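Novice: Encoded as structure tokens, here's the structure I'll be asking about.
The values are calculated or read from the model by the stated rules, or taken from the named source; none is laboratory data. This one's a predicted model, so the numbers in the text were calculated from it and none came from an experiment. No Cβ is skipped: glycine too gets one built from the backbone with ideal geometry, and neighbour counts run over all protein chains shown. Note: areas computed on protein heavy atoms with side chains; ligands, DNA, RNA excluded. Shrake-Rupley method; radii C 1.70, N 1.55, O 1.52, S 1.80 Å.
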Amino acid sequence: MPRQPSPEEQLAVALYDLAWLLPRTVGADEARRDPMPPTELEIMKLLVRRPGLSVTEVARDLGLQPSNVSTAVRSLTERGMVERRAHENDARIGRLHPTRRAVENRRKREQAWGAAMERVLGDLPPESAERLRESLPALQQLATALATR
């Protein structure tokens, strides 16, 4: 008899599948309008959430090589998405911050994702769509718990 996965395993698999599917479906139109290499997109997601990190910290948090992060940050800086500020105690350390343009770009992407999600939820049975909307606080708490690990 096959092993029955636990509810936690099923949740992890469903969330992992959604994390893979969402940028390819709900976020696809916006990504085509404003393409960004995956490494740069990951860096921007991190910096919008946690501004003020160094290149080394970004590399560590994303599991990337510092040289790759430096290259991506240079590109993001040239496009006006990231600015380097000197660390308050050590001017040799640059702190990375998203620019207003980057924050606005993220806001526009999130609005587009919301509109696309609304269309997808409209295709589901109303009870399922409502349960998903009601689960938002718990999902946000889960995201916070994962981000602090």
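Novice: What residue among Glu130, Glu78, Glu57 has the largest mean-square fluctuation in a Gaussian network model of the chain, using Cα springs under 10 Å?
Specialist: Result for the chain, Cα springs under 10 Å: Glu130 fluctuates most.
Novice: Using every alpha carbon pair in the chain, what percent of pairs falls into each 10 Å bin from 0 up to the bin containing the largest distance?
Specialist: 9, 32, 33, 18, 7, 1, 0
Novice: In 10 Å bins starting at zero, report the fraction of Cα pairs in segment 106-149 per bin as a rounded %.
Specialist: 25, 40, 32, 3
Novice: Please report, largest first and rounded to whole Å, the three semi-axes of the ellipsoid equivalent to segment 50-97, where each semi-axis is the square root of five times an eigenvalue of the C-alpha gyration tensor.
Specialist: Values for segment 50-97, descending: 16, 14, 9 Å.
Novice: Still on this structure: In Å³ and rounded to a whole number, note down the convex hull volume per residue for the Cα atoms of segment 69-149.
Specialist: 147
Novice: Taking Cα pairs under 8 Å and at least six residues apart, what relative contact order does the chain come out at, in percent?
Specialist: Computed value for the chain: 20 percent relative contact order.
Novice: Moving on to the next point. Output needed for segment 13-54: three equivalent-ellipsoid semi-axes, defined as square roots of 5 times the C-alpha gyration tensor eigenvalues, in descending order, whole Å.
Specialist: Details: eigenvalues 87, 48, 11 Å².
Over the Cα atoms of segment 13-54, the ellipsoid semi-axes are 21, 15, 7 Å.
Novice: I'd like the accessible area for Asp17: 1.4 Å probe, protein heavy atoms, all chains in place, Å² to the nearest 10.
Specialist: Result for Asp17: roughly 80 Å² accessible.
Novice: Who wins for biggest fluctuation among Ala59, Ala12, Ala115 in a Gaussian network model of the chain, springs between alpha carbons below 10 Å?
Specialist: Sorting by GNM fluctuation, first place goes to Ala12.
Novice: In vacuum, with every alpha carbon of segment 21-92 counted as one equal point scatterer, what does the Debye formula give for log10 I(q)/I(0) at q = 0.22, 0.26 Å⁻¹? Two decimals, please.
Specialist: -1.03, -1.28
Novice: Let me ask something else about it. Averaged per residue, what accessible surface does the chain expose to a 1.4 Å probe, in Å²?
Specialist: 73
Novice: Residue separation times 0.36 nm, minus the C-alpha to C-alpha distance between Thr144 and Ala129: what's the value?
Specialist: Gain in length upon complete extension: 3.1 nm.
Novice: Shifting gears a bit: Once the other residues with Cβ under 15 Å from the Cβ of Asp90 are scored (Lys, Arg +1; Asp, Glu -1), what is the net sum?
Specialist: Charge balance near Asp90 sits at +2.
Novice: Can you give the accessible area of Glu118, probe radius 1.4 Å, in Å² rounded to 10?
Specialist: Ignoring ligands and nucleic acids, Glu118 comes out at about 130 Å².
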